[in-house]
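Reading through the structure tokens given below for one structure.
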Amino acid sequence: MARDAARTEPAAGVGAGVPPGAAMPGGLSGGGLPGGGLPGGDADAESRMRGGLRRMRAIATTLLAFMVTVYVLTWRWDASGAPGWVSYVAAAAEAGTVGALADWFAVTALFRHPLGLPIPHTAIIPRRKDALGRGLQNFVGTHFLSEEVVREKVDQLGVAARAGGWLARPANAERVTTEVSTRAAAMISGIEDDLVRELVEKSVLPRLLERRWAGALGLALDRVVSEGTHHHLIDLLVDQLADWLVANPETVLRLVREQAPAWTPRWLDEAVAARAYAEALRFAADLRTDRGHRLRRALDSFLLTFAERLRTDPELGDKVEALKRRIVAHPEADRAVTAIWVTARGVLLDLTTDPAGAARTRATEALAAFGARLVSEPDLAATVNRAAADVATRAVRRYRAEIAAVIGDTVARWEPDETSRRIELHVGRDLQFIRINGTVVGALAGLLIHLVTEVLL
């Protein structure tokens, strides 16, 4: 009776090993690991995992064989009149064998049919890999790709402090500008002139033509004049005029003398020309230094009035539209677009390819300064961190299903045997501990049951 209890009780509570007499290579180990590696995996790491799995499998199988041997020897000894303690060893070995067999069956059933027999509810991973993949997909999408989890993780990263500390180092800032400039230069160089012209003709110009220009031009002109931006252009023109006057006095004097009446004496023409040249120099100097000069004010008034007319005068608007159509329809328009693009591309390439140029230098300094601000200004850092979290959560909200679907789709593409081999290689070593624990716990449980049975009976 004690031995019957030992045979049944551990099997229900513990797990599995190997049937006595079963073929060792094919069954006891839970199935041999097929040849071939993990696609895309590291060969050395895979070899180490395979070696560890073989060692643990050998230990678990050896322990099962030990339990079977001890059980057979003690059973025969007990049957021929052995001392009383032998029955305890036999009960422990018998229960340990049952536990080892049960756990061997459980572990093997995850990956293949034990002993090749099509027992129901075995080879679970190969048979249900698609359902397991979808379950893992749903689990990851729900618990790992939720907006709350992603926002909390991004907040913990401290994006502003990390990025700021890295950018604040000049070498890193220069590295960023160099990388961006290199890629920008490559992109600009790769754009064909015909592509730009086609883009302008088919996308840009139609959009420009479908809207009236007068109102937009009026608003732009009004803003330019109100903010005083046009004064930079006026300053440039005045500087050029003053420089030309200083460099060409004879030309000015000659032009004035040529406009004098034929009946005036020459000395009078010379005096008038000299006076006119002097007044021109003085006027240019006053216009250059005096931002409130009457000519500047008159020009501002004229431009503001013209801007108002552009916005409100239908007749002027029609004239602008007619001019627009003439410009676009002009045969030189296509060549002008190409020429503008070629010039702009040359300027952009000069800016992006010159490491010592002003543009690259200023960009590097600006990046380093911005990095320092990220570290030293809490308000700016908080704004950047919040923006980073918002971007991450928006991406998760929009692409969560697609990201999680990568898991299910990838598992679905795996071959059943390949899936089983991959998973067994990664977790099989730990699963062999289940077999070892089942053997040991089964033996202890069998010993305890036999002891209780002897005491009670």
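A few comments on the model shown:
- First in segment 129-144 and under 20 Å from Leu110 (Cβ atoms), second anywhere and open to solvent by 70 Å² or more (accessible area, probe 1.4 Å) and at pLDDT 85 or above, Cβ under 8 Å, 6 or more apart: none
- Considering the conditions (1) of a type in the set (D, E, K, R); (2) assigned to a helix (DSSP H, G or I); (3) at pLDDT below 75, Glu179 is excluded by exactly one of them, (3).
- Scan segment 286-317 for residues that are open to solvent by 60 Å² or more (accessible area, probe 1.4 Å) and under 23 Å from Ala214 (Cβ atoms) and the total you get is 12.
- Just so you know, in segment 262-285 the residues that are open to solvent by less than 70 Å² (accessible area, probe 1.4 Å) and modelled with pLDDT under 75 include one that is nearest to the chain's Cα centre (by Cα), and it is Asp269.
- Answer residue from segment 101-127, given it is of a type in the set (Gly, Ala, Ser) and at pLDDT below 85 and is most open to solvent (accessible area, probe 1.4 Å) among those: Gly116
- For segment 181-202, the set of residues classified as open to solvent by 90 Å² or more (accessible area, probe 1.4 Å) and within 19 Å of Thr353 (Cα to Cα) consists of Arg183, Met187, Glu192, listed by residue number.
So that you can scan it fast, the table gives a plain yes or no per residue for (1) closer than 30 Å to Ile340 by Cβ; (2) over 57 Å from the mean Cα position of the chain (by Cα); (3) at pLDDT below 85:
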{"site": "Val204", "(1), (2), (3)": "yes, no, yes"}
{"site": "Leu208", "(1), (2), (3)": "yes, no, yes"}
{"site": "Arg212", "(1), (2), (3)": "yes, no, yes"}
{"site": "Asn248", "(1), (2), (3)": "no, yes, yes"}
{"site": "Arg294", "(1), (2), (3)": "no, yes, no"}
{"site": "Ser301", "(1), (2), (3)": "no, no, no"}
{"site": "Gly317", "(1), (2), (3)": "yes, no, yes"}
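- Subset of segment 129-175 (residues that are at pLDDT 80 or above and basic (Lys, Arg)): Arg134, Arg151, Lys153, Arg162, Arg169, Arg175
- A single member of Ala388, Ala366, Ala356, Ala372 is of a type in the set (A, V, I, L, M, F, W, C) and either closer than 30 Å to Val149 by Cβ or open to solvent by less than 40 Å² (accessible area, probe 1.4 Å) (or both), and it is Ala388.
- Some residue of segment 127-150 being of a type in the set (Asp, Glu) and farther than 26 Å from Arg394 by Cβ: yes
- Leading residue by the ranking (farthest from the chain's Cα centre (by Cα)) among those in segment 60-97 that are closer than 19 Å to Val440 by Cβ and loosely packed, with under 14 Cβ neighbours inside 10 Å: Thr69
- Residues that are among the small types (Gly, Ala, Ser) and either within 16 Å of Ala412 (Cα to Cα) or open to solvent by 70 Å² or more (accessible area, probe 1.4 Å) (or both) within segment 128-148 comprise Ala131, Gly133, Gly135, listed in sequence order.
- Which listed residue is in contact (Cβ under 8 Å) with a residue 24 or more places away in the chain and under 30 Å from the mean Cα position of the chain (by Cα), from Ile449, Ile407, Ile436: Ile407
- The residues listed here are Arg373, Arg325, Arg345, Arg335; of these, the one that is part of a helix (DSSP H, G or I) and modelled with pLDDT of 85 or more is Arg373.
- So Arg151, is it in contact with a Ser or Thr (Cβ under 6 Å, 6 or more places away or on another chain), open to solvent by 50 Å² or more (accessible area, probe 1.4 Å), of a type in the set (D, E, K, R) and outside any loop (DSSP other than H, G, I, E, B): yes
- Any hit, segment 224-246, residues being surrounded by 13 or more Cβ atoms within 10 Å (Cβ to Cβ), in a helix (DSSP H, G or I), at pLDDT 80 or above and within 43 Å of the chain's Cα centre (by Cα): yes
The values are calculated or read from the model by the stated rules, or taken from the named source; none is laboratory data. Predicted, not measured: the structure shown is a model, and the values here were computed from it. Reconstructed Cβ throughout: ideal geometry from the backbone, glycine too, with neighbour counts over all protein chains shown. Heavy atoms of the whole protein, side chains included, go into the accessibility calculation; ligands, DNA and RNA do not. Shrake-Rupley method; radii C 1.70, N 1.55, O 1.52, S 1.80 Å.
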